[in-house]
Structures are given as C-alpha cells and as structure tokens.
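Structure first, commentary second.
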Amino acid sequence: MLRIASPELRKQATKRLIELSRQEIELCLQCGKCTSGCTFASDMDLMPHQIVHLAQLGMTDMLTGCEAIWFCATCFTCESRCPVEIDIAALAEAIRLLACLDGDEGFGPEQVPRDVVREAPQQALVSLFRKFAH
C-alpha cells in the first residue's frame, strides 16, 4: 500500500535529497530528454524523469523501493541531455544511500572475500565501499 507522508515530511525529504545529491531538482522541466537517452530506461520500473518528479514530491518511500535506482550506470547521458543540467546519476546515488541507510546493517571490508580483494580493481572496491558502507 502506498503511504503518502504529510506535506511537511515530503518537503523535508525533498530537501534531504537536494542536500545529498547537490542537484537543483526543483528546476526539472519534465521534458523527458533524460529518459529518451537512458540506456537502461526500458528495464526500469521508473523512468529517470519520473525519479526526479518523485524526488521533487518527496516520495522517498517509492524511490527507495524502486529498482530503477540500481540500474543507473552513471554514464551521465541524462545530464548531458538535460536543459537544466540535472545529474540524475547523483540523485540516484543519494536515493541508494537512503535505501541502504534504511534499516540496513551496512557493509564492510571484512565481508569481501580475499580472492576478490586480490583480483578486483582498486577503483571497483573503493566504489563498492563508497556506495554500500556506512
């Protein structure tokens, strides 16, 4: 069942997403150019422009529960097409952070198998911890 928070809570949620992502999502024109350029849009349950719209509305429950935030490849096609230069990859990262912080125990280096540590590129490990450790 969809729970819609009070207007004040939604306003706070939107403010939090703006702070975490450092994106001026309120400027979004809902033109859909981000969605039309997204490589994974056909696989997403929410399109990139819908993610921005729900973020504007402070609907964090829907956003943290969707699969689309995990499909973002951080290719920046959306940002390059956006007439107001909203970086949806940064917004998706902020939403993933909220999803991970929501009742999750976290993720640490001790949970990565030694063979993965030896074989994986350092950048991949840093990215992994940046996204999932807390």
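When A99, A73, A90 are checked against the criterion of being touching a residue at least 12 places away in the same chain (Cβ under 8 Å) and either acidic (D, E) or not in a helix (DSSP H, G or I) (or both), A73 stands alone in meeting it. Exactly one residue out of R3, R10, R81 is among the basic types (K, R), more than 13 Å from the chain's Cα centre (by Cα) and modelled with pLDDT of 95 or more: that is R81.
The residues of region 26-52 that are of a type in the set (G, A, S) and either loosely packed, with under 12 Cβ neighbours inside 10 Å or at positive phi (or both), listed by number, are G32, S42.
Report yes if some residue within region 62-79 is among the aliphatic types (A, V, I, L, M), surrounded by fewer than 13 Cβ atoms within 10 Å (Cβ to Cβ) and within 30 Å of A124 (Cα to Cα); otherwise report no. Yes, region 62-79 contains a residue that is among the aliphatic types (A, V, I, L, M), surrounded by fewer than 13 Cβ atoms within 10 Å (Cβ to Cβ) and within 30 Å of A124 (Cα to Cα). Looking for something in contact with a helix residue (DSSP H, G or I) (Cβ under 8 Å, 6 or more places away or on another chain), part of a loop (DSSP other than H, G, I, E, B) and closer than 27 Å to L125 by Cβ - is there at least one such residue anywhere in region 27-35? No, the conditions are met nowhere in region 27-35. Total residues in region 40-58 satisfying the condition of being within 13 Å of the chain's Cα centre (by Cα) and at pLDDT below 95: the figure is 1. Selection of region 8-25 for residues being surrounded by 15 or more Cβ atoms within 10 Å (Cβ to Cβ) and over 18 Å from I69 (Cα atoms) yields only R10. Name the single residue, out of those in region 14-69 being of a type in the set (D, E, K, R) and touching a residue at least 60 places away in the same chain (Cβ under 8 Å), that is farthest from R96 (Cα to Cα). This residue is E24.
Of the residues making up region 36-70, those that are outside any helix (DSSP H, G or I) and in contact with a helix residue (DSSP H, G or I) (Cβ under 6 Å, 6 or more places away or on another chain) number 7.
Taking into account only those residues within region 102-122 that are at pLDDT below 75 and assigned to a helix (DSSP H, G or I), which is nearest to I25 (Cα to Cα)? Within region 102-122, the match that is nearest to I25 (Cα to Cα) is P109.
The values are calculated or read from the model by the stated rules, or taken from the named source; none is laboratory data. Quantities reported herein were computed from a predicted structural model and do not represent experimental measurements. Please note: Cβ atoms are built from the backbone with ideal geometry, for glycine as well, and neighbour counts cover all protein chains shown.
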